[in-house]
Amino acid sequence: MKPMLLAFLATAVLAVLADFALDRAGFSVQEVTAGPAVRLD
């Protein structure tokens, strides 16, 4: 049971870190799907 809970925790941590890293790198949903006439502030 303990290894499964550790795997769930590791998956959640990796998901949060990946979301943060992609957002900082400029791959947010808003920046990827916005056209050239859209100003994102």
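Between helix 2-24 and the chain there is an angle of about 10 degrees, using the helix long axis and the longest principal axis of the Cα atoms.
Can you give me the orientation-averaged projected area of the convex hull built on the Cα atoms of the chain, in nm²?
Dividing the Cα hull surface by four gives the mean projection, 3.4 nm².
How large is the helix-only mean residue ellipticity at 222 nm for the chain, computed as the sum of -39500 (n - 2.57) over DSSP H runs with n ≥ 4, divided by its residue count, in deg cm²/dmol to the nearest 500?
Values: 2 runs with 28 residues, N = 41.
Using -39500 (n - 2.57) per qualifying helix, the result is -22000 deg cm²/dmol.
Take the Cα of R39, step 7 Å toward its Cβ, do the same at T11, and the gap between the two points is 4.3 nm.
The numbers here are math on the coordinates, done by the rules we state, and not lab data. Given the structure is predicted, the values throughout are model-derived calculations rather than measurements. All Cβ positions, even for glycine, are placed from backbone atoms using ideal geometry, and neighbour counts span all protein chains on display.
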